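The values are calculated or read from the model by the stated rules, or taken from the named source; none is laboratory data. Bear in mind that the values here come from a model prediction, so they are computed numbers and not experimental data. Because the Cβ atoms are built from the backbone with ideal geometry, glycine has one as well, and the counts that use them run over all protein chains shown.
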Amino acid sequence: MTYRDAADEHGLALDALLASREMILVAGSGGVGKTTVAAALAASAATHLGGRVLVITVDPARRLADALGIGALGNTAVRVPDDAFVDADIEPRGELWAAMLDTKAGWDELIRRHAPDAEVRDAVLSNPLYQNITSRFVHSHDYLAMEQLHELHGSGEFDLIVVDTPPSRNALDVLDAPGRMKDFFGSRLLRWLTVPYRSRLFTAASKPFYQVADRVLGSRFLQDVAEFFVLFQAMEKGFVRHAEEVEQLLGDHRTAFVVVSTLEAAPTHEAMYLARELSRRDFHLGAMIANRVMPPEFTAPAAAASARRLEKAAAGELSGEVAERLDADTDVVQGVLTEIATRFHDVAVVATRESERHAELAECSPVVLTAPALDRDINDVADLLALAEHLRTDHPVTDHLRRGTGDT
């Protein structure tokens, strides 16, 4: 697609990031608003940059459909109708699509794609333990996510793909899934499972063991397992080749990661850990987003001074004036104003700690964007675009600014 040159516009670091990449993986710990941010990034790209934009979740919590207001999601991408943008009074320049990984449908498609012939394909799909095994071995959900991203990117159907990953430690499982798949094909476990079907002598010697196992575990249990993995091994070349291509895609300059965090202690430390792990893997960290941030004005000396003046004024005429305007009891109003003034110190302490953690994030990322704590839940595309607008107009902390000012 032909994106406008957003990189030159002052302050629009988010547009510059989205315009320069083909895939954005959004990661972070649970509860920091990662799914909502991923949807907001995709909605912003479709609105301001144009082209066909897909947001896809591999998060089992299935919150993405609710954020977009389009109902259930599955493997097949669904277009968000233009009517969803009406409430925001915006006509999008591009198209917004959404999908969510469906594990069963994904494995079925994977087998059809990699099976060397129809006989192997049908044998795998009809194996009685097929669904059970694929849900337990090699982190199948993680690997399927990477396979689906590989196929979507390779199809050229979408100009930008925004991926909402599971919480960060699990997100690393997703990133490592291609390597685990390659390791699995050379593992002792796979050799142990398939030797009985490759050695007549071993099969004869182990027959009593299999008979006992069948009586305990059910008819043909171990035979079905071994048979499945013999068939699975026939697809080794396709799986390994795709795994290598996925690893290359994750490290490609067209792919970037965005780490989302709040400025509480635990999520901040998790975000910093994730940033370091991405760097260790030579993946590209495009930005960090600090979500639900308190207004920076709370840390200003003038704000603290105002709180002190409010506390003194509440004991004087101010409470009476406010009570008269609100048609309320003066003593009640005085109590409320005094409580607000005295509590401001606690709020200022929290805001100061947030500022310190923001600086810590800035040490780990080329760009740090912030989004405020909103006064309402995000329920539709209009709300997503409002969140994205905070990110688009934020003046980010960047390496360039830090070098120029000496600040962190």
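Scanning segment 313-331 for residues that are touching a Gly at 6+ places or on another chain (Cβ under 8 Å), farther than 25 Å from Asp15 by Cα and without any contact (Cβ under 8 Å) to a residue 40 or more places away in the chain turns up at least one hit. All conditions but one from (1) in a helix (DSSP H, G or I); (2) at positive phi apply to Glu277; the one that does not is (2). Condition check for Asp282 on (1) modelled with pLDDT of 90 or more; (2) acidic (Asp, Glu); (3) part of a helix (DSSP H, G or I): one failure, at (3).
Taking the conditions exactly as written (crowded, with 17+ Cβ neighbours inside 10 Å and either touching an Asp or Glu at 6+ places or on another chain (Cβ under 7 Å) or of a type in the set (Lys, Arg) (or both)), does Val37 satisfy them or not? No; evaluated as a whole, the condition is false for this residue. Screening Pro267 against (1) closer than 30 Å to Lys182 by Cβ; (2) surrounded by 19 or more Cβ atoms within 10 Å (Cβ to Cβ) leaves a single unmet condition, (1). Residues that are more than 22 Å from Asp377 (Cβ to Cβ) number at least 1 in the following helices (runs of 4 or more DSSP H) confined to segment 13-93: 13-19. Being free of Cβ contacts under 8 Å to residues at least 12 places away in the same chain, within 39 Å of the chain's Cα centre (by Cα) and outside any strand (DSSP E or B) holds for only one residue in Val349, Val336, and it is Val349.
Just one residue in the set Leu318, Leu369, Leu326 is at pLDDT 90 or above and crowded, with 17+ Cβ neighbours inside 10 Å; that residue is Leu369.
Within segment 29-46, residues that are without any contact (Cβ under 8 Å) to a residue 60 or more places away in the chain reach partners that are surrounded by 24 or more Cβ atoms within 10 Å (Cβ to Cβ) with beta carbons closer than 6 Å, at six or more positions or on different chains, in the pairs Ala46/Val53; Ala46/Leu96. For segment 141-190, a residue qualifies if it is of a type in the set (Phe, Trp, Tyr) and at pLDDT below 70, and the qualifying residues are Phe184, Phe185.
Here is the figure for segment 244-263: residues that are surrounded by 21 or more Cβ atoms within 10 Å (Cβ to Cβ), in a loop (DSSP other than H, G, I, E, B) and either of a type outside the set (A, V, I, L, M) or outside the structural domain of Ala371 (by TED's automatic domain parsing) (or both) total 1.
Would a scan of segment 110-127 turn up a residue that is at pLDDT below 75, at negative phi and out of contact with any strand residue (DSSP E or B) (no Cβ under 8 Å at 6 or more places or on another chain)? Among the residues of segment 110-127, not one is at pLDDT below 75, at negative phi and out of contact with any strand residue (DSSP E or B) (no Cβ under 8 Å at 6 or more places or on another chain), which makes the answer no. Screening segment 53-66 for residues that are closer than 12 Å to Val162 by Cβ and at pLDDT 75 or above and picking the one that is surrounded by the most Cβ atoms within 10 Å (Cβ to Cβ) gives Val55.
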